[in-house]
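Enquirer: The structure's right below; bear with me while I get my questions together.
The values are calculated or read from the model by the stated rules, or taken from the named source; none is laboratory data. It should be emphasised that the depicted structure is a prediction, and the values quoted were computed from it without experimental measurement. Here the Cβ positions follow ideal geometry from the backbone for every residue, glycine too, while neighbour counts run over all protein chains shown.
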């Protein structure tokens, strides 16, 4: 046994040495090459880069420099698969002092054109000084993003083709500003500056407000939601407290050069179309159900913009659960009450908080939805946002959407009334999981219905909400969308994915303008392909800095058409 083990060990060492030797560039029988910029194969998501003025190709060993010319090229890809030369033309150069590198640069030193798709080819005729060759022709693709000058983009000429999406501004009333619990106070001047730039930017065609422009939810538990007013009166109070922002939007609308579109969010799901039209005369609206909407431009049908709360269990409109209590056509979801609890918790930071660890609930087999999902979500909420008030105290004031009473936290959390043997019960949103969720999705026109567990996760985990762009649009065979933009999560970002036709598509989140976000003052820009035969739509997430600088690029992508 020992001898056999010894021979096995020697064999393994020899195999590892052989593998190591094969992976070494110095002993590899083939030549390899890498580019100084990100590139992709024809089957991958199209790599997107800032326009370079030079691309450096680095080979695994010194080249026979006489084999480079005529075997290295960079061209622009046009509709129909045409390849055209870069204008201004590029030159391919080599330097005997750097025999492993090849430079591709524009002859006049300028940046390569923006908003274009490029193909980079290194032919099999390129050889190393040792005689080694590439295993196959090196063909790589990339697209160039736009240098988004807030003055103009020369490549776009005088055309208005661009759509910008902003969301989650969360304008509050003067009380929220004076008491300090409002989410949007410090960034007001920056938003007015941004809107002034948008108004003057010569390429902007549409400005979409993707929900939560107004905030009717954020107020501590002991505060009446509408401050003793009606819904319309409260919206008027928000307008009065944020007049510079409202005036900046109206200036854009009244100019008539840019179409402004409003899409409802969860924090402003009760704001009526009549209120919107009264405040913003001439604005367009996208509504498809109570408290919901999705917008697609008429000339960019591959794009859809919505807030995203349609797929969030706690924040999607609920036109079913409590109508026997409100006696109205109420749609307020549990997220309203969660927001009020969270507002109190935020104000009470540093105060000794009251939290019943575990909530003392026992699993009930007849109520799996209550126990595994809804009840567990409430336990997570209360552990993250504890408050000093007793859960039995009738502390949560309403005065909104047909709700007139003050409620206790225990009116919202399923619990056992007398003993652990009794069923879980609750006053508000009774049977929201087991009975009403499917009907609620039907009323909210959810294309592909979600399990309650998935929708609850979408409300708690940002990537889970973002993933609904894939489920509802990209993998939905009834959908033709290749660009989806949500807000809601306050987490600006972007990713590429394949759709059901195996086309690369892009999801972007427009982020937020609230003061306390890790990254705030963000927006999404969608620039469709140019009319010169370009192949790509460019989608970029930006952070607005100020009107004297280019915005900061958070992430960018492009899709072929």
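Enquirer: Which numbered condition in (1) in contact (Cβ under 8 Å) with a residue 40 or more places away in the chain; (2) closer than 19 Å to residue 535 by Cα is the only one that residue 86 fails?
Expert: (1)
Enquirer: Moving on. Do you know which residues across segment 392-422 are under 35 Å from the mean Cα position of the chain (by Cα), in contact (Cβ under 8 Å) with a residue 24 or more places away in the chain and in a loop (DSSP other than H, G, I, E, B)? So that I can check it myself, show each step before the final result.
Expert: Restricting attention to segment 392-422, the residues satisfying the condition of being under 35 Å from the mean Cα position of the chain (by Cα) are 396-403, 407-414.
Now drop any that are not in contact (Cβ under 8 Å) with a residue 24 or more places away in the chain, which leaves 396-403, 407, 409, 412-414.
397, 398, 399, 401, 402, 412, 413, 414, listed by residue number.
Enquirer: Right, next: Checking the conditions here, which among 333, 344 is in the same structural domain as residue 380 (by TED's automatic domain parsing), touching a strand residue (DSSP E or B) at 6+ places or on another chain (Cβ under 8 Å) and at pLDDT 95 or above?
Expert: Details: 333 fails: touching a strand residue (DSSP E or B) at 6+ places or on another chain (Cβ under 8 Å).
Only one candidate passes the filter, namely 344.
Enquirer: Further question on the same structure: Scan (1) touching a strand residue (DSSP E or B) at 6+ places or on another chain (Cβ under 8 Å); (2) modelled with pLDDT under 95 for the single condition residue 73 breaks and write down its number.
Expert: Status for residue 73: all satisfied but (2).
Enquirer: Filter segment 112-122 down to the residues that are buried (at least 16 other Cβ atoms within 10 Å of the Cβ) and out of contact with any helix residue (DSSP H, G or I) (no Cβ under 9 Å at 6 or more places or on another chain), then identify the one that is nearest to residue 525 (Cα to Cα). Let's see the steps before the verdict.
Expert: From segment 112-122, those buried (at least 16 other Cβ atoms within 10 Å of the Cβ) are 112-120, 122; that's our starting set.
Then drop every residue that is not out of contact with any helix residue (DSSP H, G or I) (no Cβ under 9 Å at 6 or more places or on another chain), which leaves 112, 117-120, 122.
Working: 112: 21, 117: 18, 118: 21, 119: 24, 120: 27, 122: 34 Å.
Applying the filter and picking the extreme gives 117.
Enquirer: Is it fair to say residue 449 is under 30 Å from residue 163 (Cα atoms), assigned to a loop (DSSP other than H, G, I, E, B), touching a residue at least 24 places away in the same chain (Cβ under 8 Å) and not assigned by TED's automatic domain parsing to the domain that holds residue 269?
Expert: Answer is no for this residue.
Enquirer: Just for segment 361-382: of the residues that are over 15 Å from residue 412 (Cβ atoms) and assigned to a helix (DSSP H, G or I), which one is modelled with the highest pLDDT? Explain how you work it out, then say what you get.
Expert: Step one: filter segment 361-382 for residues over 15 Å from residue 412 (Cβ atoms), giving 362-369, 371-372.
Pick out the ones that are also assigned to a helix (DSSP H, G or I) and you get 368-369, 371-372.
On the way: 368: 60, 369: 61, 371: 60, 372: 65.
Residue satisfying both the conditions and the ranking: 372.
Enquirer: Taking the criterion of being assigned to a helix (DSSP H, G or I), at pLDDT 95 or above, under 27 Å from the mean Cα position of the chain (by Cα) and under 26 Å from residue 193 (Cβ atoms), would at least one residue in segment 259-274 satisfy it? Lay out the reasoning, then the answer.
Expert: Taking segment 259-274 and keeping what is assigned to a helix (DSSP H, G or I), we get 273-274.
So of that shortlist, the ones also at pLDDT 95 or above come out as 273-274.
Pick out the ones that are also under 27 Å from the mean Cα position of the chain (by Cα) and you get 273.
The next check asks that each one be under 26 Å from residue 193 (Cβ atoms); those that pass are none.
Within segment 259-274, none of the residues are assigned to a helix (DSSP H, G or I), at pLDDT 95 or above, under 27 Å from the mean Cα position of the chain (by Cα) and under 26 Å from residue 193 (Cβ atoms).
Enquirer: Suppose the filter is under 22 Å from residue 335 (Cα atoms) and surrounded by 24 or more Cβ atoms within 10 Å (Cβ to Cβ); does residue 469 pass it?
Expert: On the way: under 22 Å from residue 335 (Cα atoms): yes; surrounded by 24 or more Cβ atoms within 10 Å (Cβ to Cβ): yes.
Here the answer is yes, as residue 469 does meet what is asked.
Every residue, every condition in (1) out of contact with any strand residue (DSSP E or B) (no Cβ under 7 Å at 6 or more places or on another chain); (2) over 30 Å from residue 197 (Cα atoms), yes or no:
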| site | (1), (2) |
| --- | --- |
| 124 | no, yes |
| 129 | no, yes |
| 134 | no, yes |
| 138 | no, yes |
| 143 | no, no |
| 149 | yes, no |
| 152 | yes, no |
| 156 | yes, no |
| 159 | yes, no |
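Enquirer: Please verify whether segment 426-441 includes one or more residues that are outside any loop (DSSP other than H, G, I, E, B) and in contact with a strand residue (DSSP E or B) (Cβ under 9 Å, 6 or more places away or on another chain).
Expert: The initial filter retains those residues of segment 426-441 that are outside any loop (DSSP other than H, G, I, E, B), namely 437-441.
Narrowing the set further to residues that are in contact with a strand residue (DSSP E or B) (Cβ under 9 Å, 6 or more places away or on another chain) leaves none.
No; the residues of segment 426-441 include none that is outside any loop (DSSP other than H, G, I, E, B) and in contact with a strand residue (DSSP E or B) (Cβ under 9 Å, 6 or more places away or on another chain).
Enquirer: A follow-up question, please. Starting from residues that are part of a loop (DSSP other than H, G, I, E, B) and modelled with pLDDT of 95 or more, keep the ones in segment 181-201 and report whichever is farthest from the chain's Cα centre (by Cα). Break it down into steps so the answer makes sense when it comes.
Expert: Here is the first cut: in segment 181-201, the ones part of a loop (DSSP other than H, G, I, E, B) are 181-187, 201.
If we keep only those that are modelled with pLDDT of 95 or more too, we end up with 181-187.
Numbers: 181: 25, 182: 23, 183: 20, 184: 20, 185: 23, 186: 23, 187: 20 Å.
Per the stated criteria, the residue is 181.
Enquirer: May I pose another question? Restricted to segment 501-529, and to residues that are in contact with a helix residue (DSSP H, G or I) (Cβ under 7 Å, 6 or more places away or on another chain) and in a loop (DSSP other than H, G, I, E, B), which residue is surrounded by the fewest Cβ atoms within 10 Å (Cβ to Cβ)? Please lay out each step first, then the result.
Expert: Just the residues of segment 501-529 that are in contact with a helix residue (DSSP H, G or I) (Cβ under 7 Å, 6 or more places away or on another chain), to begin with: 505, 507, 509, 513, 521.
Then drop every residue that is not in a loop (DSSP other than H, G, I, E, B), which leaves 513, 521.
Working: 513: 28, 521: 24.
Going through the qualifying residues, I end up with 521.
Enquirer: Only one of these is touching a helix residue (DSSP H, G or I) at 6+ places or on another chain (Cβ under 7 Å), crowded, with 17+ Cβ neighbours inside 10 Å, more than 30 Å from residue 157 (Cα to Cα) and in the same structural domain as residue 173 (by TED's automatic domain parsing): 198, 241, 225. Name it.
Expert: Within the list 198, 241, 225, the selection yields 241.
Enquirer: Read through the list (1) out of contact with any helix residue (DSSP H, G or I) (no Cβ under 8 Å at 6 or more places or on another chain); (2) surrounded by fewer than 23 Cβ atoms within 10 Å (Cβ to Cβ); (3) in the same structural domain as residue 73 (by TED's automatic domain parsing); (4) in contact (Cβ under 8 Å) with a residue 60 or more places away in the chain, then give the number of the only condition that residue 149 fails.
Expert: (3)
Enquirer: Ok, one more. If residue 358 meets every condition in (1) part of a loop (DSSP other than H, G, I, E, B); (2) modelled with pLDDT under 95; (3) under 17 Å from residue 314 (Cβ atoms) apart from one, which number is that one?
Expert: Of everything listed in (1) part of a loop (DSSP other than H, G, I, E, B); (2) modelled with pLDDT under 95; (3) under 17 Å from residue 314 (Cβ atoms), residue 358 misses just condition (3).
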